[in-house]
1. Does Phe98 qualify as being surrounded by fewer than 14 Cβ atoms within 10 Å (Cβ to Cβ), of a type in the set (A, V, I, L, M, F, W, C), out of contact with any strand residue (DSSP E or B) (no Cβ under 8 Å at 6 or more places or on another chain) and more than 20 Å from Ala72 (Cβ to Cβ)?
2. State the number of residues belonging to segment 13-27 that are surrounded by 15 or more Cβ atoms within 10 Å (Cβ to Cβ) and within 18 Å of Leu121 (Cβ to Cβ).
3. Hey, Thr90 hits all of (1) in a helix (DSSP H, G or I); (2) farther than 19 Å from Leu38 by Cα; (3) not hydrophobic (A, V, I, L, M, F, W, C) but one; which does it fall short on?
4. Does any residue of segment 43-55 turn out to be in contact (Cβ under 8 Å) with a residue 40 or more places away in the chain, loosely packed, with under 15 Cβ neighbours inside 10 Å and among the hydroxyl-bearing types (Ser, Thr, Tyr)?
5. Among the residues of segment 116-141, count how many are at pLDDT below 90 and exposed (fewer than 15 other Cβ atoms within 10 Å of the Cβ).
6. Can you give me the number of residues within segment 101-115 that are surrounded by 14 or more Cβ atoms within 10 Å (Cβ to Cβ), aromatic (Phe, Trp, Tyr) and part of a helix (DSSP H, G or I)?
Amino acid sequence: MFIALSFWVLALLCCGFAAAVGGRDGRRVAAIYVLGCLATLVALWMESDWSHTHLATFAVDAVLLLAFWRVALGSPQWFPLWVAGFHLVTVVSHVASFFAPGYAFKLYFFLQSFWSVPMLLAMVAGVALDWRAGFADEPDASPPNRSS
């Protein structure tokens, strides 16, 4: 329970920061991430057995990958590409469970949750670096002028 609560606190703080400071792409990536977490909860409720490929979670992750990829391809910022790349590893772990006989399903479950943290950290780091450098995809998202 503590791990789940810690994850949700981290996810909401990181997504809130990205939405507040990251401009249009930060809001898009944050919204996709939160909606993906909620959809994953529904998928886990539908099927909680990790002794085989978890098809509901695979479907959610595949749709999320397409959404992250769509944002990344249209963004002048780099952090959406990093988020999509980390999520690609999650989707590949689903694919491995289809084709690898005797796949260690504890490892499969671990990989499904592990890559969420690097995704969040890449999102926060990318948004913060872009903001600090004065890059903004919207005029009102740039940092305050500190030259005075």
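The values are calculated or read from the model by the stated rules, or taken from the named source; none is laboratory data. If you're wondering where the values come from, they're calculated on a predicted model, not measured in any experiment. Don't worry about glycine lacking a Cβ; one is built from the backbone with ideal geometry, like all the others, and counts go over all protein chains shown.
1. Yes: the conditions hold for Phe98.
2. Matching residues across segment 13-27 total 9.
3. The failed condition is (2).
4. Yes - at least one qualifying residue is present in segment 43-55.
5. So the answer is 6.
6. Residues in segment 101-115 being surrounded by 14 or more Cβ atoms within 10 Å (Cβ to Cβ), aromatic (Phe, Trp, Tyr) and part of a helix (DSSP H, G or I): 4 in total.
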